[in-house]
1. Anything in the range 131-150 that is among the hydroxyl-bearing types (Ser, Thr, Tyr), open to solvent by less than 70 Å² (accessible area, probe 1.4 Å) and without any contact (Cβ under 8 Å) to a residue 40 or more places away in the chain? List them, or say none.
2. So, in the range 105-130, of the ones that are outside any helix (DSSP H, G or I) and open to solvent by less than 10 Å² (accessible area, probe 1.4 Å), which residue ends up farthest from ALA92 (Cα to Cα)?
3. Could we say that ALA92 is open to solvent by 30 Å² or more (accessible area, probe 1.4 Å), touching a helix residue (DSSP H, G or I) at 6+ places or on another chain (Cβ under 9 Å) and within 23 Å of SER194 (Cβ to Cβ) here?
4. Of all residues in the range 184-217, count the ones that are closer than 20 Å to GLY7 by Cα and either hydroxyl-bearing (Ser, Thr, Tyr) or in a helix (DSSP H, G or I) (or both).
5. Might you check whether a residue that is in contact with a Lys or Arg (Cβ under 8 Å, 6 or more places away or on another chain), assigned to a loop (DSSP other than H, G, I, E, B) and in contact (Cβ under 8 Å) with a residue 24 or more places away in the chain occurs anywhere in the range 151-167?
6. With ASP61, ASP45, ASP34, ASP11 as the choices, which residue is of a type in the set (Asp, Glu) and at pLDDT 95 or above?
Amino acid sequence: MIFDCDGILVDTEPLHYQAFQVVLAPLGLGHDYDHYMEYYIGFDDRDAFREAFREAGRCLDEATLTRLMRAKAEALLEIVSKGVASFPGVSALVEELVKHGVPLAVASGALRHEVLTFMEALGLREAFPLIVAADDVSRSKPDPETYLVALERVREKLGTDSLDPSACIAIEDTPAGIQSAKAAGMYVVGVTNSFPADQLKDADQVVESLDQVSYGKMIQWLEK
């Protein structure tokens, strides 16, 4: 089982939005939350800043990009220090999967230190020994690289090259994430935490909440 982090394990999209605005607004590049949800969700920090500058018709060099990413990370940590929220069913599902010995991993477009901060705040760090973050890939979702790297790390942990991607279930909340996992050959469950069901139609299963998902149901889905 490979989980996205933002919008699946942790309700972080409003937090990322706030942190981006702390950095972008003084540059005259701020935007409202609806615009963020329509155009930015699913991007990692690098591509989000590139998109903001592209929309404004402004150039962005690598040194400035690095500085902006650092500033955004600092703003996010300040916001997260006030607390984070999860979604219904997350803790119960993770606990059930751990009980059944299902290997778990995270495949996220967030930076590693952000993912670790979120996971530790929710008490989920020990359940997810494998984390693939934006730091580990050169291309963000919808490119399949994030999930392909996660698959390789699961194979390494299990000590086998025979784990087929179709035996892996990816849990996603965005069209870009679903496209990434599907391109990597995985079975995908879309959760309507961030988008309505009709925008997640490329997933193999779509649910309203993870409290509708169980170990038994996932076995049935894979068998079908």
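The values are calculated or read from the model by the stated rules, or taken from the named source; none is laboratory data. Values in this document were obtained by computation on a predicted structure and should not be read as measured data. With ideal geometry, Cβ positions are generated from the backbone for all residues, glycine too; neighbour counts draw on all protein chains shown. The area values use the complete protein model at the heavy-atom level, side chains included, leaving out ligands, DNA and RNA. Shrake-Rupley method; radii C 1.70, N 1.55, O 1.52, S 1.80 Å.
1. THR146 - this is the single residue of the range 131-150 that is among the hydroxyl-bearing types (Ser, Thr, Tyr), open to solvent by less than 70 Å² (accessible area, probe 1.4 Å) and without any contact (Cβ under 8 Å) to a residue 40 or more places away in the chain.
2. ALA110
3. Criteria met by ALA92.
4. Adding up the residues that qualify gives 12.
5. no
6. ASP61
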